[in-house]
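Contents: one structure, followed by commentary.
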Amino acid sequence: MADKPRPQSLAEFELLVLLAALSLGPDEAYTVSIADHIEEKTGRSVRRANVYTTLQRLEAKRLVTTRLGDPRPERGGKPRRLVTVLPVGVVSVRATTRAIRAMVVGVGNVIGETK
Amino acid sequence: MTSGPRWAKALLRALAPPGEADDVLGDVEEVHRYRARRHRPLVATALTAIETFDMAAALLRARSVRLRTKGQSMMRDYKLGVRMLVKYPGLSIAGGLALAIAIGIGAVWYDAMRDVFRPALPLPDGDRLVEVEMRDPVASQDERRLLHDFLAWRRDARTIEDLGAYRTVQRTLGFGDARAEPVTVAEITASAFHVTRVPPIMGRPLVDADEQPGAPAVVVIGYHTWRQRFGGREDAIGRTVQLGRTETTVVGVMPEGFAFPINHQLWVPLQLQPSGYAPLEGAAIRVFGRLAAGATQAQANAEFSALVKRTAAVSPRTHEHLLPRVLAYGGESPGDRSVFELVVKHVPVLLILLIACANVGTLVYARTATRDAEIAMRYALGASRGRIVFQLFVEALVLALVAAVVGLAAADWAVKWAMSAFYSGQSATLPFWHDPGLKLTTVIYAGALTVTGAAILGVLPAIKATGSQMQGQLRNTGGSTLRFGAVWTTVMIAQVALTVICIPPAMGIAHEAWRDRVIRGRFPAEEYLAVRLDLDLDAGPIATGREPAIAQRKEELFAELSRRIAQEPGVEAVTVADRLPGMGPAVRSAEVEGSPGAASDFIATLWTATVGPGFFEAFERPVVSGRGFHEGDRAAGARTVVVNEAFARLHMNGASPVGRQVRYVAPDPEAPKLPWFEIVGMVRDIGMTPTDRGEAPYVFHAASPSTLNPAVMGVRVSGDPSAMAPRLRAIAAAIDPGLRLDEMRSLDELAWRVDLPGVVVAGTLTGVVCLGLFLSAAGIFSLMSVSVARRTREIGLRSALGATPARLLAGIFSRAIVLVGSGVAAGNLVLLLFVILSDLDLEIVANALVATSAIMMTVGLLACIEPARRALRIQPTDALKEA
């Protein structure tokens, strides 16, 4: 039986990128859509260059893998680099979000979170 | 412009990693199209520009991270390579030495061949400078008496411009005080200064008017002479110096580094007789020039061949057989770079490197074999085959780099030492185009050799080690699976054979060098001072060689010098000859008159010397039969010679040679026979060089000192001969300022210079053979070690089943014995073939073969001792552990 993947610690922006990739799915998650998705959900401005750098880092940490999609006319016939979150990436997201939730318990009133 | 600015795309494409450019550009284009729909074009372009710079910065950061990671990975490989050097010291020393020798020899060879073929002249357009030589194939030497030809060429040649000529003469340079000393002077045409395109830093160069007979005597001096003799003063121009017997005015100073045509520092005009010269009349000169614009060396060669043919039609006796050659100046290249030049330059280097790599490769392969478990583990953990091969290549590269540094340092030292020894032996300084030490291009060439060597050493064993056997290793639970296959076995046999082949010549040369030193030791060379005598002539046109006054003056001055030196305290004997014992031989073919009615006896090699009065007495070689020389024998036309005892032993069956005749064989078989010489006496054997072993047949001619060329004086003293040197100079200066003493050295020092190349060759060859033996031993050791490691389980089980140590060892080491035996047999076979083809004495060679085989087998067995001990220490429990 294969060992369970061990979660890795994630920085905040790494977590957001992974969550966006998971939300968009492996056929729609790429740099532009991930940046747009984070902007839309969080309301903060996101630099695509940062998304690109973060995806490179996540790939080096083997949390995601990428592949080239089909060429698309709106991109001048160029393909998208589609992102798939690997199981260890999913486990890492789960561990990080669980840690955040655990930390929030008891301080929700203080930070203005009412659940 | 809905797809985004062109420059932005170009920038991102340049920075994106390979394979990622399209999707990065696609992102930019997609976002720009979206912006273009929502904003005005200018705004959209501005926003895209900002994003492009942001993205470019991100790409640069990613690139630097990748480079750092790759650099760290390579650094780890290099560190591992260094650790391997320390962990396997035997391989590092043996392999490193072999590679250092190969790379060092390669660098020296490349350096030397470049200078031999086409040296880089430090002159403007130096590659257009040429030298015209005349080859005499009948005499197998260059014909340099070219005054007649030079005048014709200078008038008619079109492919070479500024044709000039020079000769090197020795003069005494004086300043009217006690600082007079012998100097080397170039008598050169004014065209030399056009050819070289180097102007003087002060005054003027030589001009055509200086070449006219009767023109005021002038000299152009070099930078160093100017600094040393005139203290770098600007008023040197116009000063007068005493050059030989002539008051000469300094008219120019050349810049630092200028030493055309060879290594000259003083230039005086070459003056020629207005009436010209007959073919091959007058002094030896060398001819140079610059290829005319658009002309090639091939065209120049064709033109000069035609010119010489024209002269040969008028004077067939002197010119019919002569062949002109237009060569790159200072080199031997007769034309454009040829395949021959490339082959000579590179093939020997690659051959030596290949042999060294084959030798070291067996050791590296054995080391790799002991690490196959580690390699298999890395493979299992995800390292690609290319990654493992690269790591092994880097390990080999570290070894090769260390070897290259050692080899290049040794080569640099050797080149400097050899050049200095060679030119000091010639009593000269380096030609101006020679830069002592290795050049940058040579170091780059050695770098290429290093990488090539590392590729052979590292990659080939790595490919083998990471091949299909790695799968076997992954399944295997212990012991090595790598084998010494047919290739490496053949390499090892070839290595043993090569070592076997090298042993007899190395032993022979070392023995000869030792014998030469022993023979030298018997001769009291340290009691003699040798000095070359010559006479400065008056400035003026080159003589035709028919002037009697010069010979008369030489005769008187040399005789007076001998008389005055003989009167000095401590001087035991004085003599003059064209060579003294220890200065090397002059060998000629000759025939000896047979007994009445019998045919002449042809002698392939007869050793000759021309001696002045008192020669045999000075070297204690008494006349044992007939008589010695008297004054009548020195007269022109006298046909008498004295021989040594070896001559009588070899060609007279021990009978007295006195009264018999000998004559030399003319180089040209069509030429009339040369005259007979009558043998009037026989002296005790005298070794003029160690190689004659005191057994060579010598013929001595008598001559007066003035006709000797060169005239070398030998002075035997009771104390240190070098202490006599200043006194000799003072006596010569007192007799005549034009009397010149050159190359004053003790005979001992001269003899050492003659012996030195033999000693160096013997030492080098012995070193190479020792290294070969060491590499063979290391290879056999590696083979046996791997064999024992592979068969640990088998040895343990056989030991448990009661096999005796002798049977165990026989089973394991039979391969080593077969391998060494095959190498010895192959080497001996090659030696035997060589002996049969070269007609050597089989008995002597048979002894050498027996000795060689014994040495090699002993080395092979010694290499097996440690693996044998390891094999005998294996217990049955070791086999169980492996299982």
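For chain B, take N as its residue count and report Rg(C-alpha) divided by 2.2 N^0.38 Å. Display every interim value, and only then the final one.
Numbers: Rg = 37.1 Å, N = 883, 2.2 N^0.38 = 29.0 Å.
Output field value: 1.28.
If the cut-off is 24 Å between C-alpha atoms, which lysines fall inside it for residue B:87, apart from same-chain ones fewer than 8 positions away?
Once the sequence-local lysines are set aside, what remains near residue B:87 is B:79, B:464.
Evaluate Rg over Rh across region B:261-358, taking Cα atoms for both radii and Kirkwood's formula for Rh. Before the final figure, lay out each step's value.
On the way: Rg = 19.6 Å, Rh = 17.5 Å.
That ratio equals 1.12.
Given N residues in the protein assembly as shown, what is its alpha carbon radius of gyration divided by 2.2 N^0.38 Å? Before the final figure, lay out the partial values.
Numbers: Rg = 41.6 Å, N = 998, 2.2 N^0.38 = 30.3 Å.
Rounded to two decimals, the normalised Rg is 1.37.
I want to check the label-to-label distance for residue B:851 and residue B:224. Put each point 7 Å from Cα in the C-beta direction and report it in nm to one decimal.
4.6
Near residue B:28, within a Cβ-to-Cβ distance under 14 Å, what is the net charge of the other residues, with Lys and Arg +1 and Asp and Glu -1? Before the final figure, lay out each step's value.
Details: positive: A:47, A:48, A:72, A:75, A:78, A:80, A:81, B:6, B:9, B:13, B:33, B:35; negative: A:74, B:20, B:22, B:23, B:27, B:29, B:30, B:51, B:54.
Here the count lands on +3.
Excluding residues on the same chain fewer than 8 positions from residue B:9, give the aspartates and glutamates whose Cα lies under 16 Å from its Cα.
Leaving aside aspartates and glutamates fewer than 8 places away in the same chain, those within reach of residue B:9 are A:74, B:20, B:22, B:23, B:27, B:29, B:30, B:51, B:54.
Mind jotting down a quarter of the surface of the convex hull over the alpha carbons of region B:349-453, in square nanometres, one decimal?
Details: hull surface 33.7 nm².
For the Cα atoms of region B:349-453, the hull's average projected area reads 8.4 nm².
In degrees from 0 to 90, rounded to the nearest 10, what is the angle of the helix A:31-42 Cα long axis to the longest principal axis of chain A?
Helix A:31-42 and the main axis of chain A meet at about 30 degrees.
With bins 5 Å wide starting at 0, give me the P(r) of region B:126-276 over every alpha carbon pair, in whole percents.
Values per bin, smallest distances first: 2, 9, 17, 21, 19, 14, 9, 6, 2, 1, 0.
Over all directions, the average projected area of the alpha-carbon convex hull for region B:231-302 comes to how many nm²?
Values: hull surface 34.4 nm².
The orientation-averaged projected area of the Cα hull of region B:231-302 comes to 8.6 nm².
Which ordering of B:770, B:864, B:357, B:502 is given by a fewest-first count of other beta-carbon atoms within 10 Å?
Values: B:770 13, B:864 22, B:357 25, B:502 19.
Going from sparsest to densest Cβ surroundings: B:770, B:502, B:864, B:357.
Residue B:343 to residue B:752: FRET efficiency via 1/(1 + (r/R0)^6), r the Cβ-Cβ distance, R0 41 Å, to the nearest 0.05? Could you put the intermediate results ahead of the total?
On the way: r = 37 Å, r/R0 = 0.89.
Approximately 0.65, to the nearest 0.05.
Taking the number of other C-beta atoms within 10 Å as the exposure measure, put A:47, B:869, B:145, B:367 in order starting with the fewest.
Lowest count first: B:869, A:47, B:145, B:367.
Between residue B:514 and residue B:707, what is the label-point separation in nm under the 7 Å Cα-to-beta-carbon projection?
4.6
Please express the Cα-Cα pair-distance distribution P(r) of region B:70-191 as a list of whole percents, one per 10 Å bin, running from 0 to the bin with the greatest distance.
With a bin width of 10 Å, the distribution comes to 9, 18, 21, 16, 12, 12, 11, 1.
When N is the residue count of chain A, what does its C-alpha Rg come to as a fraction of 2.2 N^0.38 Å?
Details: Rg = 15.8 Å, N = 115, 2.2 N^0.38 = 13.4 Å.
Taking the Cα Rg and dividing by 2.2 N^0.38 Å, one obtains 1.19.
Within chain B, which whole H helices from DSSP have a Cα span along their axis of at least 15 Å and a mean Kyte-Doolittle hydropathy of -1.0 or more, if any? Please report the intermediate quantities before stating the final value.
Values: long enough: B:21-38 (26 Å, -1.13); B:41-87 (67 Å, 0.21); B:89-117 (40 Å, 1.21); B:297-314 (26 Å, 0.11); B:339-370 (44 Å, 1.55); B:385-425 (57 Å, 1.27); B:440-454 (21 Å, 1.40); B:486-522 (55 Å, 0.67); B:548-566 (28 Å, -0.38); B:725-735 (16 Å, 1.02); B:747-790 (63 Å, 1.34); B:805-838 (47 Å, 1.81); B:842-873 (46 Å, 1.12).
Length and hydropathy pass: B:41-87, B:89-117, B:297-314, B:339-370, B:385-425, B:440-454, B:486-522, B:548-566, B:725-735, B:747-790, B:805-838, B:842-873.
Multiply the residue gap between residue B:116 and residue B:560 by 0.36 nm, knock off their C-alpha separation, and tell me the result in nm, one decimal place. Display every interim value, and only then the final one.
Working: separation 444, 0.36 × 444 = 159.84 nm, distance 4.46 nm.
Answer, rounded to one decimal: 155.4 nm.
What is the fewest-to-most order of B:52, B:489, B:368 by other Cβ atoms lying within 10 Å of their Cβ?
In increasing order of surrounding Cβ atoms, one gets B:489, B:52, B:368.
Modelling each spin label as a point 7 Å along the Cα-to-Cβ direction, I'd like the residue B:309/residue B:49 distance in nm, to one decimal.
7.5
Values quoted throughout were computed directly from the atomic coordinates according to the rules given, and no laboratory measurement underlies them. The model shown is predicted, which means the values in this text are computed figures rather than measured ones. Note: ideal-geometry Cβ built from the backbone for every residue, glycine included; neighbour counts use all protein chains shown.
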